[in-house]
Structure formats: C-alpha cells, structure tokens
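Presented below is the structure to which this report refers.
The values are calculated or read from the model by the stated rules, or taken from the named source; none is laboratory data. Quantities reported herein were computed from a predicted structural model and do not represent experimental measurements. Here the Cβ positions follow ideal geometry from the backbone for every residue, glycine too, while neighbour counts run over all protein chains shown. Just the protein is used for accessible areas: all its heavy atoms, side chains included, with ligands, DNA and RNA removed. Shrake-Rupley method; radii C 1.70, N 1.55, O 1.52, S 1.80 Å.
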Amino acid sequence: MPNITESPNEYPRRILVAVTGLSPQIVTETLYALAVAPSGAAFVPTEIHLITTRSGAEKARLALLSEEPGWFHRLCQDYALPPIRFAAETIHVLEDANGQPLEDIRSPDDNRCAADGITGLIRQFTADPDCALHVSIAGGRKTMGFFLGYALSLYGRPQDRLSHVLVSEPFESSIGFYYPTPSSRVIEMPGGRLVDSAQAQVTLAELPFVSLRHGLPEALLTGLASYNQTVAAARRALAPARLQIDLATRRIEAAGKVFALPPAELALLSVFARRAQHGEAALPAPSKELPDNDWKQRYLVELRWIAGPLKDLDDTERALRKGMDGGYFSAHLSKLRKLLRGELGPAAEPYLISDGGSRPRRYSLGLRPTAVGYGDIEESPHR
C-alpha cells in the first residue's frame with residue numbers, strides 16, 4: 001500500500017467518481033482535465049463510476065459508451081490513454097425507497113434515498129486502502145453534488161480529492177462539446193455560431209475538504225449506516241464531551257449514544273466519574289503486590305448502587321476480601337476501555353480513564369465537573 005504522503009496517482013487503484021444528470025459531458029471533461037491536461041501530476045483513473053438517475057444513465061450510455069458517438073472511447077483513442085474500466089455496470093442508478101430507479105430527485109424521500117445511495121458508494125470505495133478517489137461534483141442536481149461532497153468529507157482519506165470542472169466560454173453552454181479535441185472539430189452553438197472544440201480550455205478547480213473520518217465509529221466505516229446516521233455520528237464526535245450515568249439501568253450516555261455496560265466496568269467508571277464531578281484529584285492504581293482496602297471500599301460502594309440492596313455480591317466481595325489489587329484493577333480498566341472504544345470509536349477518547357501519561361501513574365477521568373451527571377437516561381426518538 002502506498003504511503004499516505006504519496007501522490008494519489010501512485011495508488012494502484014484510481015477511481016474517478018462523478019454525479020451527472022442530463023449532461024454526461026462532465027465525465028469526459030473531467031477525465032481530460034485529470035489525465036490529458038492536468039495542472040499538476042496526471043491522475044489517470046483505472047476505473048470510472050458514475051452516479052445518476054435512470055434517464056441520466058441512459059443518456060450517459062448512449063453519449064459516452066456507444067459505438068457512435070462514443071465520446072468516452074473517442075477521448076481515450078485521441079489521447080492514447082491506457083485501458084480504463086468504464087461500462088454499464090459502473091453507472092450506478094439511484095433508487096427510491098421501493099428499490100426502483102429514480103427518474104429525478106424532487107421529494108424529501110428522493111433526497112434521502114439519493115443521500116444513502118451516494119454515501120454507501122463512497123463508504124465502499126474508501127474501505128479499500130489501495131485506492132485513491134477523485135470525486136467530481138460538477139454534474140447532476142445541486143443536491144447530488146452536495147451529498148457527494150459531504151460523503152467525501154465523512155469518509156475521505158488523505159489520498160482522496162474533490163473538484164469541480166471549469167470549461168471556457170462559449171463551450172460550457174454547448175451540448176455538442178465533450179472535450180478539447182487534438183485536432184480541429186467545428187461544432188455549432190445555439191444561435192448558429194460556429195466554434196472549434198480544439199480551442200477550448202478545460203481545467204479543474206480542486207476543492208479542499210475537511211475529513212471527519214477520524215470521528216466515526218468503526219461500525220459506521222464498515223457497516224451499512226444511512227447518511228443521516230453517519231452525519232449524526234460525526235456531529236456527536238465533534239460535540240463537547242458529556243457523560244450521563246444511570247446506575248439503575250446500568251446504562252451511560254456518552255458522545256450522544258446510549259448503551260449498557262457490565263456492572264463491574266460501570267462501577268469502575270463511576271468511581272472516576274464521581275471524582276471528576278466533584279473536581280477531586282487523580283488516584284494512583286492499587287499496588288500489584290499489596291491489596292488496597294480503600295480501593296475496595298470505593299469500588300464496592302458503586303457496585304452496590306448498581307446491583308441494588310438485595311443483590312448478592314458474595315463472589316465479588318470474596319475476590320476483594322483482602323482489598324483490590326493491581327491485577328483486578330488493570331483487568332477491568334482494560335475491559336472498560338475496550339467496551340467504550342467498541343461503542344464510540346475515536347469519539348471514546350474523552351471518556352477513557354487516563355493514567356496521566358507519566359510516572360508515577362495517577363488515574364482520572366478528564367471531564368469537567370459540569371460534564372458529568374447521574375440520573376435517568378431517556379431514549380431520544382431520533383436515536
């Protein structure tokens with residue numbers, strides 16, 4: 001796999017992704033700007049994927065992939081480009097809620113389906129570490145371009161790029177212009193004006209984007225989450241950290257997500273949460289060799305709140321008969337960290353008990369007192 005500092009053109013799999021409506025010229029114009037007349041290093045795609053509507057797919061197939069006029073094949077021949085995989089199966093038609101091809105995007109439901117379809121494809125492509133994406137938002141309806149650009153912000157990596165294609169006047173308004181030809185080709189403009197396509201200028205405007213990928217839980221990077229679920233996860237990751245603990249139901253709310261923890265790990269988290277809530281100092285871990293009775297008492301207080309007054313804690317009390325030792329503490333701390341990271345991904349960091357990073361190790365939960373609360377957790381209908 002290439003190093004992330006390398007140029008996108010050095011990746012073995014290079015994908016051009018574009019959205020189009022009824023202007024398939026976007027594909028050939030963008031390919032020309034990337035591979036034939038780039039402002040920097042050439043990016044020659046190994047494959048092209050088009051996201052469009054039913055009518056847009058038909059027009060793209062006829063205009064770009066047919067024997068005549070076959071503008072994609074013409075461009076590749078005119079400029080001796082290497083083989084590029086672009087065929088009917090790489091034209092992705094957006095679907096409605098019933099799985100039927102979308103003819104256009106005109107309703108809120110159409111918008112939601114388009115967003116989910118576009119997000120799913122970008123998530124799929126960015127899951128391959130050996131590929132670099134170049135995403136063009138020049139075509140299609142404005143909502144399609146927005147969703148495509150936002151999907152790249154959610155899932156994009158250092159090797160991925162986002163752009164808009166710019167075509168010089170008067171060619172941008174011509175339905176007969178597909179790319180600057182290497183030799184003279186006269187086309188007629190609206191109103192009867194004749195122009196030579198060889199004189200056209202096509203360039204790319206690269207659009208910087210902020211990647212939010214680091215804030216998404218692993219389940220959203222590899223699963224089938226919708227656009228709205230993915231956006232909500234990114235928002236939670238960027239929101240100020242707040243922890244709510246409901247000991248009665250053994251649940252916590254962290255990074256906007258509600259989930260349960262096992263009693264032993266919840267009790268350990270609660271020890272540190274109460275100290276953070278009251279602004280108390282960090283604690284050393286119990287010694288590995290000498291069981292600590294103070295640690296036993298503060299831990300059992302929380303565990304009894306969780307278990308309830310009638311719950312038998314004989315097994316735990318026997319294990320801690322002489323006090324809590326370092327092995328017991330480390331085992332449950334490690335499991336707690338693993339559970340939080342599994343639920344929250346990178347957003348777990350503010351909720352992890354830290355050892356301070358230097359010796360002697362002193363442990364604490366680095367939340368502000370006002371960021372910790374206890375009490376009932378109500379499920380939001382939007383979760």
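Identify, please: which residue in the range 192-207 is exposed (fewer than 14 other Cβ atoms within 10 Å of the Cβ) and at pLDDT 90 or above and is, among those, farthest from Arg161 (Cα to Cα)?
Result: Leu194.
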| note | Within the range 109-164, the residues that are of a type in the set (Asp, Glu), under 15 Å from the mean Cα position of the chain (by Cα) and open to solvent by 30 Å² or more (accessible area, probe 1.4 Å) are Asp116, Asp128
| Between a first residue in the range 163-181 that is of a type in the set (S, T, N, Q) and a second residue that is open to solvent by 70 Å² or more (accessible area, probe 1.4 Å) and assigned to a loop (DSSP other than H, G, I, E, B), which pairs have beta carbons less than 8 Å apart while being 6 or more apart in sequence or on different chains? | Ser168/Gln201; Ser173/Pro190; Ser174/Pro190
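Which one is farthest from Phe209 (Cα to Cα) among residues in the range 102-158 that are in a loop (DSSP other than H, G, I, E, B) and of a type in the set (Lys, Arg)?
The selected residue is Arg106.
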| field | Residue count for the range 254-285, restricted to those that are of a type in the set (D, E, K, R) and either under 32 Å from the mean Cα position of the chain (by Cα) or buried (at least 20 other Cβ atoms within 10 Å of the Cβ) (or both) | value | 2
| message | Quick check on the range 309-355: of everything there that is open to solvent by 50 Å² or more (accessible area, probe 1.4 Å) and in contact with a Ser or Thr (Cβ under 9 Å, 6 or more places away or on another chain), which residue is nearest to Thr230 (Cα to Cα)? | response | Ser354
| field | Residues satisfying the stated conditions in the range 286-308, i.e. assigned to a loop (DSSP other than H, G, I, E, B) and either free of Cβ contacts under 8 Å to residues at least 12 places away in the same chain or surrounded by fewer than 19 Cβ atoms within 10 Å (Cβ to Cβ) (or both) | value | Ser287, Lys288, Glu289, Leu290, Pro291, Gly308
| task | For the range 81-96, name all the residues that are modelled with pLDDT of 95 or more and not aliphatic (A, V, I, L, M). | result | Pro82, Pro83, Arg85, Phe86, Glu89, Thr90, His92
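Taking the options Ala60, Ala33, name whichever one is buried (at least 23 other Cβ atoms within 10 Å of the Cβ), among the small types (Gly, Ala, Ser) and touching a Pro at 6+ places or on another chain (Cβ under 7 Å).
Only one candidate qualifies: Ala60.
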| Given (1) open to solvent by 20 Å² or more (accessible area, probe 1.4 Å); (2) in a loop (DSSP other than H, G, I, E, B), index of the condition Phe177 fails | (1)
| note | Of (1) in contact with a Lys or Arg (Cβ under 9 Å, 6 or more places away or on another chain); (2) in a loop (DSSP other than H, G, I, E, B); (3) closer than 25 Å to Ala239 by Cβ, Gly357 satisfies every one except (1)
| said: Could you check the range 221-258 and list, in sequence order, the residues that are within 28 Å of Leu154 (Cα to Cα), of a type in the set (A, V, I, L, M, F, W, C) and at pLDDT 95 or above? | reply: Leu243, Ile252
